[in-house]
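Throughout, read-outs are computed from the coordinates displayed, never taken from laboratory work. Quick caveat, the model's predicted, so the values are computed rather than measured. Here the Cβ positions follow ideal geometry from the backbone for every residue, glycine too, while neighbour counts run over all protein chains shown.
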Amino acid sequence: MPDAPKTQHRSVRVPDDDWADLETAAKKQGTDRGTLIKEFIAWYLRRPKAKLPKRPEH
């Protein structure tokens, strides 16, 4: 199957304003929301070599 994702799609509830602000902040850092969320989860779970994502400047 072409373009098959390596991970399963997950759903979470996030307020619209937070979701939009996260997209804006991620783009300013040259990344995307999904990447930031996965990095945070890895850090939170203390996965080897995981680092807390850098927070955006105000």
- Message: Show me the ranking of peptides 45-56, 15-26 by mean Cβ neighbours inside 10 Å, starting with the highest.
- Response: 15-26, 45-56
- Sum -39500 (n - 2.57) across every DSSP H segment of at least 4 residues in the chain, then divide by the residue count to get the 222 nm mean residue ellipticity, nearest 500. -13500 deg cm²/dmol
- Query: Quick one: if the Förster radius is 22 Å, what FRET efficiency do R46 and Q8 give, using the C-beta to C-beta distance and rounding to 0.05?
  - Reply: 0.50
- Whole-Hz ³J(HN,Hα) from phi, Karplus 6.51 cos²θ - 1.76 cosθ + 1.60, for the stretch 10-24, glycine and proline x: 10, 10, 9, 9, 9, x, 3, 4, 5, 5, 5, 5, 5, 4, 4
- Largest-first principal axis extents, alpha carbons of the chain, Å: 42, 29, 23
